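Inspection log for the structure reproduced underneath, given as structure tokens.
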Amino acid sequence: MASIRNGMATVCLLGMGFLLFQCATQQEAIPPQQLLDQIVLEFVGNRIELRNPLPRSGEEVEVMVIVHNRGNRDAKRIPVFFYDNLRVFSTEEIDLEPGGQRRLIARWKATMGSHTLSVIIDPAHHFKEINRERSEVSTTVWVK
């Protein structure tokens with residue numbers, strides 16, 4: 001087996017079939033030199049937290065995310081949208097300095113059925129300098 005270093009991850013070649021796969025020694029997703037001219041906003045923990053994860057129809061639920069700026073540029077007036085099954089139920093506009101983070105909380109009124117709650121940073125892609133790798137998170141909620 002031969003190993004080859006490839007910027008983002010270690011790549012391994014196996015046998016005559018040259019099967020490529022990422023080894024467990026993967027480095028950080030975005031090399032630091034690529035962060036210089038980007039706004040890298042991501043969700044801490046890559047998840048949505050719900051104050052009431054098992055709501056009944058008609059109950060109000062707090063939907064919470066934490067956004068972190070890993071880039072080296074200020075993020076100014078960046079829109080963040082909260083969706084229920086692709087329908088907007090709340091919006092925020094955030095400013096974040098490099099290394100900063102902000103907790104966002106939206107209130108959602110539960111209705112019967114299955115719901116995919118999503119939070120997306122700059123869903124219309126107005127800010128071209130934003131790295132999109134981790135700019136969306138979602139969870140599914142079943143309401144009785």
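Here, each number is a calculation from the coordinates, and none is a lab measurement. Not measured: the values here are computed from a predicted model. Methodologically, a virtual Cβ is constructed for each residue, glycine included, from the backbone with ideal geometry; neighbour enumeration extends over all protein chains shown.
Peptides 100-108, 84-92 ranked from most to least packed by the mean count of surrounding Cβ atoms within 10 Å: 100-108, 84-92. Of the peptides 44-55, 72-83, the ranking by mean beta-carbon count within 10 Å, highest at the top, reads 72-83, 44-55. For Asn85 and Glu62, the difference between the fully extended length at 0.36 nm per residue and the C-alpha to C-alpha distance is 6.6 nm.
For region 35-143, rounded, prolate or oblate, judged on the Cα gyration tensor with a ≥ b ≥ c (square roots of eigenvalues), a/c < 1.5 rounded, else prolate if a/b > b/c? Prolate is the answer for region 35-143, as a/c is 1.5 or above and a/b outweighs b/c.
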